[in-house]
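Trainee: Here's a structure for you.
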Amino acid sequence: MDAGLVTRLRDPSIDLAKRYRQFMAKRPDLTSTSTATRFNGHVTQLKVWIGRLEAIKAPWPDILFAFTQVQRHYLELEAFLEYMEVRQPLMNSEEYGKILLPAALLIGAVTNTVVVVEEFAKAGVPVWLIRPIEQFTDDTRIDAVTNPYPPEALDIELAPWRGHKTLVWNRAADHPQRHDNLMLFAREFLSYTDFGRTSTIRDTIERPPAVPSLGNDYSATAGPSRAVEAAKPPPGRKQKPHYPPHPPKPRINLHPHDINHFKPNPNAMAPIMMEAWVHGLSTVTVTKEKVSMNFAEGDNGYIFPPISVFIPFQVDGNLKPRHLKLLHAYLTHSDILILRLSPRNNPTSLLRGNWDLLLGPERSNPTSIPPSTTSTATADDEPKAKKTKVEKLVKRRQNLQTILAEWTNEYDVESNARNESLAWASEQLPKDRWPHDRVVERILYEINEINFRWEFRMLDRKMVNPNISYVAHEDLITRCFPSSSFKGEGGADHTSVKYTTAWSGLSSPDDKERRQYVLALCRVIAHWHRCPDAINKALKCAESDVDFLAVEKLCASFYCKSFFYYFARAPSVPHRTAIDPEIYLMP
């Protein structure tokens, strides 16, 4: 979305958020109430959705949905402030409240009683009257009269809907999560072309055949003599040879490349890992015994390419031309990769090697791939030659790049009509050489930060106590990340990452500025299983009495150990750039 249009949304939203904070500072009695929890969430979500509009390209339906979300949270927040600052003081005043109660306590009514209309009119509350016009008195003020359409003018087909029957909400009508569920349901409804409009597809689906019952299995019900015959193989069929059992497959293999991620990347273009998180990674015992028994193959994948794909640990600064092509491929498809991270798409993670194949070009020496001998085999009894390791690698690359093409067609329909140069942050990057080291560092910071924010939510889903309120906890998570639109404030997610926040949030080199984000991180971890007592104790103390550097290291250590337990690899952790991101650099 155009930056100028987003500014027209962001500026009044900033003023509204300031107004809300000033009001809450005057009303400390509301701090611990559900009202504060709900509207704190509206402020945070307002920041998140404005950040999403600014951060990435998106198709028109996604832009429209993001705009409606900004509008919804803005109007909810503004209505709350208007009620609390204007309406409620008026209702509580002696000269107004005592005379006009109980009508003044209501927000509106639909009635057929004139007396009720008069009481609501005195209180200034909207009211709709359903009554013949001749029954009004001369003292009644009528602003407008609307005639309903006659029944014969309405063409409405009263037929049962044969579409989706999912129950959207079955709890209290005033619960704030009800609005989120309705919005998600509406989004899901609009994303299907055949969703609830016709039953053609559903009616063509045949029911599966019935499962055979045990009563038809005569071999199980036959007598002893027939059971022995049933156990014999049928004549003319060879018995399979009996092979000795294979050794059990190892539950997990810790790859050396994954173990390298437990230490900072030494490359000069890599962003700098924060000191507390260097300590956190160093406290992890990297052994198979420290991994959950529920770990499954593929759980250690990355939802976004790790920075070691572009600058590996073992190159010692000597990057190959292929690494530059990998970076170019990422910049070309970055918006598509971010759009697929929407929770409604249920994205799957890829191993580090698969990200290399997904973004990497074809090998420059195709003659190194031996020709397959399967096409020359004509005899039926001649065994087929097994594929070599190189052939399998080529096949994997082709499959993964097919997936990338499918993502492009799904999330960026207009990509074929555009002929864009290699651009990043409104700058044109050179195609024949590496950009400035600090520009590469900023690009890699964004990649790492997106991974960190997504992995934070992945671990939170594993660790959070199920009894915790979803709305309040979600608000705490988004406050852990700095907003790119509201400078100096928390409230962002993985889709609104910009390099301008490389010295903000948990990546800030200023200990005092980092405090509020460390405190937000503590509040999230306090809702996790096996949370260290020292973190809960720090939340109960005054901020001046807390050693935030020690608490930050404790949070980082607990986070890294928990992540390795569930995902068997090192997590992506906060990094920062070497110089202030506000300083302009030529690419």
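For every residue, the table says whether it meets (1) touching a residue at least 24 places away in the same chain (Cβ under 8 Å); (2) under 25 Å from E446 (Cα atoms); (3) part of a helix (DSSP H, G or I); (4) touching a strand residue (DSSP E or B) at 6+ places or on another chain (Cβ under 9 Å).
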{"position": "S32", "(1), (2), (3), (4)": "no, no, no, no"}
{"position": "A36", "(1), (2), (3), (4)": "no, no, yes, no"}
{"position": "H42", "(1), (2), (3), (4)": "yes, no, yes, no"}
{"position": "Q45", "(1), (2), (3), (4)": "yes, yes, yes, no"}
{"position": "W49", "(1), (2), (3), (4)": "yes, yes, yes, no"}
{"position": "F65", "(1), (2), (3), (4)": "yes, yes, yes, no"}
{"position": "Q69", "(1), (2), (3), (4)": "yes, yes, yes, no"}
{"position": "E78", "(1), (2), (3), (4)": "yes, no, yes, no"}
{"position": "L81", "(1), (2), (3), (4)": "yes, no, yes, no"}
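Trainee: Do you know which of the residues in the stretch 117-135 that are modelled with pLDDT under 75 and more than 20 Å from E94 (Cα to Cα) is surrounded by the fewest Cβ atoms within 10 Å (Cβ to Cβ)?
Mentor: The selected residue is E134.
Results for (1) under 31 Å from the mean Cα position of the chain (by Cα); (2) under 15 Å from H257 (Cβ atoms); (3) modelled with pLDDT under 85; (4) charged (D, E, K, R), shown as yes or no for each residue.
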site: N300; (1), (2), (3), (4): yes, yes, no, no
site: P306; (1), (2), (3), (4): yes, yes, no, no
site: H328; (1), (2), (3), (4): yes, no, no, no
site: D335; (1), (2), (3), (4): yes, no, yes, yes
site: R340; (1), (2), (3), (4): yes, no, yes, yes
site: L350; (1), (2), (3), (4): yes, yes, no, no
site: R363; (1), (2), (3), (4): no, no, yes, yes
site: T367; (1), (2), (3), (4): no, no, yes, no
site: P383; (1), (2), (3), (4): no, no, yes, no
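Trainee: Here is a further query. Which members of the stretch 483-510 meet the condition of being modelled with pLDDT under 90 and closer than 18 Å to C555 by Cβ?
Mentor: G490, the sole residue that qualifies.
Trainee: For the stretch 498-513, enumerate the residues that are free of Cβ contacts under 8 Å to residues at least 24 places away in the same chain and over 17 Å from F486 (Cβ atoms).
Mentor: D510, K512
Trainee: Scanning the stretch 465-481 for residues that are of a type outside the set (S, T, N, Q) and more than 16 Å from the chain's Cα centre (by Cα), which turns out modelled with the lowest pLDDT?
Mentor: A472
The values are calculated or read from the model by the stated rules, or taken from the named source; none is laboratory data. This one's a predicted model, so the numbers in the text were calculated from it and none came from an experiment. Glycine gets a Cβ as well: all are built from the backbone with ideal geometry, and neighbour counts include every protein chain shown.
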